[in-house]
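Okay, so here's the structure we're looking at.
The values are calculated or read from the model by the stated rules, or taken from the named source; none is laboratory data. Quick caveat: nothing in here was measured; it's all calculated off a predicted structure. Counting neighbours? That spans all protein chains shown, and the Cβs are built from the backbone with ideal geometry, glycine included.
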């Protein structure tokens with residue numbers, strides 16, 4: 001009885017095949033980045049995206065392997081997003097794909113980070129945030145959902161366009177406690193962006209529950225209060241695809257080869 005109450009209060013929910021069949025999962029493209037990237041061009045790419053008021057998403061799914069995805073509100077917007085990203089990353093392959101979620105029934109815990117304090121004042125940790133986020137758990141789905149706002153921020157010597165951003169995480173496990181703990185660990189990894197003026201606070205809501213949030217992630221929809229505003233430079237800092245995703249893939253391939261010998 002007590003365990004059931006704690007599970008309810010945690011916001012975790014049971015992920016079933018019936019639930020998955022009801023979700024309208026949009027078109028996505030799997031990105032397989034090369035080892036060379038021009039990270040300094042990412043904020044410029046987002047400045048160009050800002051001119052088109054579309055919904056965009058960069059996603060990372062970590063299961064047996066790590067995969068990166070891009071998606072958008074429509075096919076034209078997705079093609080435009082990919083063209084902008086190809087100026088930053090070398091993509092040997094771009095292929096239509098679906099987010100692979102657990103096939104068996106399990107628990108899902110989903111949450112997001114909430115901005116507290118002054119906007120546009122996040123700290124640049126000078127390290128890849130996603131690298132640490134992905135190291136915090138094994139069976140997770142991380143999404144950066146963003147859309148241009150009709151706001152331009154005046155900076156010293158230049159103007160910076162503003163985006164609405166949701167940083168959300170869904171963690172899967174056969175144990176509801178492990179799902180919740182994994183989700184918390186990944187969300188907490190983004191707190192390195194906190195500064196003296198603003199901080200990112202992990203939130204795993206009880207209402208709406210994790211299934212509702214996961215569904216909004218897969219369908220690329222914001223929910224009330226789950227997003228905050230960032231500049232193009234902050235968006236680039238947060239969403240930079242880590243180069244060690246490639247290194248991890250190479251490590252797995254090498255490990256497999258060594259096992260076969």
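The residue that is nearest to residue 163 (Cα to Cα), among those in the stretch 128-151 that are within 12 Å of the chain's Cα centre (by Cα) and at pLDDT 95 or above, is 146.
Would you check if residue 31 is within 17 Å of residue 242 (Cβ to Cβ) and buried (at least 18 other Cβ atoms within 10 Å of the Cβ)?
Working: within 17 Å of residue 242 (Cβ to Cβ): yes; buried (at least 18 other Cβ atoms within 10 Å of the Cβ): yes.
So residue 31 fits the description; yes.
Restricting attention to the stretch 98-122, the residues that are surrounded by 15 or more Cβ atoms within 10 Å (Cβ to Cβ) and assigned to a strand (DSSP E or B) total 10. Taken over the stretch 182-209, the criterion of being without any contact (Cβ under 8 Å) to a residue 60 or more places away in the chain and either part of a helix (DSSP H, G or I) or touching a helix residue (DSSP H, G or I) at 6+ places or on another chain (Cβ under 7 Å) (or both) is satisfied by 185, 186, 188.
Every condition in (1) farther than 18 Å from residue 13 by Cα; (2) touching a strand residue (DSSP E or B) at 6+ places or on another chain (Cβ under 8 Å); (3) buried (at least 16 other Cβ atoms within 10 Å of the Cβ) is met by residue 210 except one, and the failing one is (1).
Quick one: how many residues across the stretch 145-163 are within 22 Å of residue 223 (Cα to Cα) and buried (at least 18 other Cβ atoms within 10 Å of the Cβ)?
6
Here residue 160 passes the criteria (1) within 30 Å of residue 44 (Cβ to Cβ); (2) under 14 Å from the mean Cα position of the chain (by Cα) except the one numbered (2). For the stretch 174-181, does any single residue satisfy the condition of being modelled with pLDDT of 95 or more, surrounded by fewer than 24 Cβ atoms within 10 Å (Cβ to Cβ) and assigned to a strand (DSSP E or B)? No; the residues of the stretch 174-181 include none that is modelled with pLDDT of 95 or more, surrounded by fewer than 24 Cβ atoms within 10 Å (Cβ to Cβ) and assigned to a strand (DSSP E or B).
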